[in-house]
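S.K.: The structure under discussion is supplied below as structure tokens; questions concerning it will follow.
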Amino acid sequence: MGVSLSYRLLAIVLVSLSVVACAGPGPTPNAAAYQYSQTQLLDGSVLDLPPEQQHPQTQLLAVNDEMRLFLAEHVPESANKKQKVEKILRAILDDGLRLDYNLFHTLTAEEAFYSREGNCMSFTNLFVALAREAGISTRFQEVEVPPTWEARNETWLYNKHLNAVVDLPGGSMMVDFALESFDTDYNRFMLDDEEVLARYHNNMGVHLMMDGELNDAFPHFKAAIELAPGTGYFWTNLGSLYRRSGDEAAAEAAYLEAIDISREPAAMSNLARLYQNQGHLDQAEWWEGKVELFRLNNPYYLYQLAQKAFDSGHYELAVSR
């Protein structure tokens, strides 16, 4: 079945520059970075955090009795599965909760139910939890949409996109809370609940870090990495936390982990800026060259350049871009 409804946004990633693609091995890191292994970057010792501060407990899709009562009031048992999906969506958006969109609030299903607001990850969490409670098989799906960014507190946030897939007799239905951003040609892949929980913790870490709550942000980045250690941008965000804490060697080590794990371009950008500020100009120039190469092979970046040229009246340059 086609797209039913839509929301917008999902995972949030801290970045410094708009880059994509991959890179080969870089120049030799500074010696101080070698003092940090993956274990040391994640054990809390860099921030002197005791173990009891390092394990956030989150029930992402928990449903309580009040939520069950809400479901019973809005979704009759006699309805078929497709009708139940439509009634749950109507209850969330119109007849019942009337949730308000807030980019910077990533919430569990239960939190979204009571706060009546959240970003699209929050809305999707609530929908999936209620749909499953109603006996409907529902899964999370990540969509590779064109990159978009938001600026907050001198930080660029790179928005990723998540929606839900409902299994129905004879087919499936996508429930997407950003229909204007969606295209069926975009690559899509399913996420299990642990991977979604990892993205939740990453979001929470970013929110807290932007508010200067570094000690509170760290356990979330740690939890995200432990749930999905092969996700490079989690390590990039951890590196940004260490840089904000003043430990540039730990930041360098975390950025290098991100690059080693998934050739993470935002980590290369952040690493170049770190080296530039440290006066390691050869290293900074090498990574900046990689960043520029990726940008010039990024069709979305070229489109932005073309649009800028067009708006300035430089039409031939716009065409070449």
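S.K.: Roughly how many Å² is the accessible area per residue of the stretch 222-293, as a whole number, for a 1.4 Å probe?
M.R.: On the way: 2610 Å² over 72 residues.
Averaged over the residues of the stretch 222-293, the accessible area is 36 Å².
S.K.: Can I ask one more? Hey, can you grab everything whose amide H is under 5 Å from the amide H of Gly44? Only 5+ residues off in sequence or another chain; H modelled, so Pro and N-termini drop out.
M.R.: The list, which skips near neighbours in sequence, is empty: none.
S.K.: Follow-up. Length gain on complete extension for the stretch Ser137 to Lys308, per 0.36 nm per residue less the alpha carbon to alpha carbon distance? Before the final figure, lay out the partial values.
M.R.: Numbers: separation 171, 0.36 × 171 = 61.56 nm, distance 4.51 nm.
Full-extension gain reported as 57.1 nm.
S.K.: Please compare each pair in Lys82/Lys222; Lys222/Lys290; Lys87/Lys222 to a cut-off of 32 Å on the Cα-Cα distance and tell me which ones are over it.
M.R.: On the way: Lys82/Lys222 39 Å; Lys222/Lys290 28 Å; Lys87/Lys222 38 Å.
Over 32 Å apart, Cα to Cα: Lys82/Lys222; Lys87/Lys222.
S.K.: What's the extension gain from Ser37 to Glu213 if we count 0.36 nm per residue and subtract their Cα-Cα distance?
M.R.: Taking Ser37 through Glu213 to full extension adds about 61.0 nm, to one decimal.
S.K.: Counting Lys and Arg as +1 and Asp and Glu as -1, what is the net charge of the other residues whose Cβ lies under 13 Å from the Cβ of His55?
M.R.: -3
S.K.: Same structure, new question: At Thr184 and Ala72, where each label point lies 7 Å from the Cα along Cα→Cβ, what is the point-to-point distance in nanometres?
M.R.: With each label point 7 Å from Cα toward Cβ, the separation is 4.0 nm.
S.K.: What is the calculated FRET efficiency for Glu144 to Asn30, with r their C-beta to C-beta distance and R₀ = 51 Å, to the nearest 0.05?
M.R.: Efficiency at R0 = 51 Å is approximately 0.90.
S.K.: Let me ask you something else. Tell me, what is the FRET efficiency for Tyr114 and Leu168 to the nearest 0.05, using R0 = 35 angstrom and their Cβ-Cβ distance as r?
M.R.: 0.75
S.K.: Can you give me the % of accessible surface on the stretch 65-119 that is carbon or sulfur? Probe 1.4 Å, all protein chains present, nothing else counted.
M.R.: Carbon with sulfur: 43 percent of the solvent-accessible area.
S.K.: Would you mind putting 304-315, 80-91 in packing order, based on average other-beta-carbon counts within 10 Å, highest first?
M.R.: Working: 304-315: 13.0, 80-91: 18.0.
Result, highest mean first: 80-91, 304-315.
S.K.: To the nearest 20 debye, what charge dipole does the stretch 164-321 have about its Cα centre, counting +1 at the Cβ of each Lys and Arg and -1 at the Cβ of each Asp and Glu? Could the numbers behind the result be given before it?
M.R.: Working: 11 positive and 25 negative charges, 83 e Å.
Computed charge dipole of the stretch 164-321: roughly 400 debye.
S.K.: Non-local amide H neighbours of His161 (under 5 Å, H modeled in plane, Pro and chain starts lacking H): which ones?
M.R.: Amide H to amide H, under 5 Å and 5 or more residues apart or across chains, His161 pairs with Ala11, Val143, Val145.
S.K.: Highest mean first, what order results for 263-272, 246-255 on Cβ atoms within 10 Å?
M.R.: 263-272, 246-255
S.K.: Let me ask you something else. With θ taken as phi - 60° and the coefficients 6.51, -1.76 and 1.60, list the Karplus ³J(HN,Hα) couplings across the stretch 64-74 in order, rounded to whole Hz; mark glycine and proline as x.
M.R.: 9, 5, 5, 5, 5, 5, 4, 5, 5, 6, 10
S.K.: Calculate the FRET efficiency for Val319 and Glu285 from the Cβ-Cβ distance with a Förster distance of 35 Å, rounded to the nearest 0.05. If you can, show how the numbers build up before the last one.
M.R.: Details: r = 31 Å, r/R0 = 0.89.
Using R0 = 35 Å, I get an efficiency of 0.65.
S.K.: Taking the Cβ of Gln278 as the center, what net charge do the other residues with Cβ under 12 Å away carry, scoring Lys and Arg +1 and Asp and Glu -1?
M.R.: -1
The values are calculated or read from the model by the stated rules, or taken from the named source; none is laboratory data. Everything quoted here is computed from the prediction, not taken from an experiment. Backbone-built Cβ (ideal geometry, glycine too); neighbour counts: all protein chains shown. Side chains are part of the model used for accessible areas, which takes the heavy atoms of the whole protein and leaves out ligands, DNA and RNA. Shrake-Rupley method; radii C 1.70, N 1.55, O 1.52, S 1.80 Å.
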